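The values are calculated or read from the model by the stated rules, or taken from the named source; none is laboratory data. Keep in mind that this is a model prediction, so the values were computed, not measured. Cβ coordinates were reconstructed from backbone atoms using ideal geometry, including for glycine residues, and neighbour counts include every protein chain displayed.
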């Protein structure tokens, strides 16, 4: 897997102060995407063990609320395979920090066998995440007043509550 950028002290991509990893590669190719360069799976730099260690070190301060994964597309199967072992490490080292994932795929697509984004890693990656911002960016529904979303069709899903109830539950932190 490759990545385009790592942001430390990010306050735009999830609640609180976060470390953000922008992965490379996306087959959704949404019209009006704010980072079309990340569609290329080889954009940026290789995601290595050194990269993982750097992010884990950035997560150490108490004022860092958690990690955000976006892109590109974290739920492209090849990206899931690279991210899953890393996210396991993050959760093991920092169980109190939350993980947000932004995806152009919907939660329903992720849970549907045979969908393009579903692979052997999907369920566990969703299990390790706390919040999922799902849905493709739709230019006709662009709304710059929305917090943590680009278009009104996108949802912010509280995965912890969704797991508890078995029903998709929206995040109420807004």
* Asked: What is the number of the single condition among (1) within 19 Å of residue 18 (Cα to Cα); (2) within 17 Å of the chain's Cα centre (by Cα) that residue 172 does not meet?
  -> (2)
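In this structure, is residue 63 in contact with a strand residue (DSSP E or B) (Cβ under 8 Å, 6 or more places away or on another chain) and surrounded by 18 or more Cβ atoms within 10 Å (Cβ to Cβ)?
Answer is no for this residue.
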* Asked: If we scan the range 37-47, do we find a residue that is in contact with a strand residue (DSSP E or B) (Cβ under 7 Å, 6 or more places away or on another chain), closer than 14 Å to residue 102 by Cα and either at pLDDT below 95 or exposed (fewer than 14 other Cβ atoms within 10 Å of the Cβ) (or both)?
  -> yes
* Asked: Going through the range 38-55 one residue at a time, which ones are within 14 Å of residue 72 (Cβ to Cβ) and in a helix (DSSP H, G or I)?
  -> 38, 39
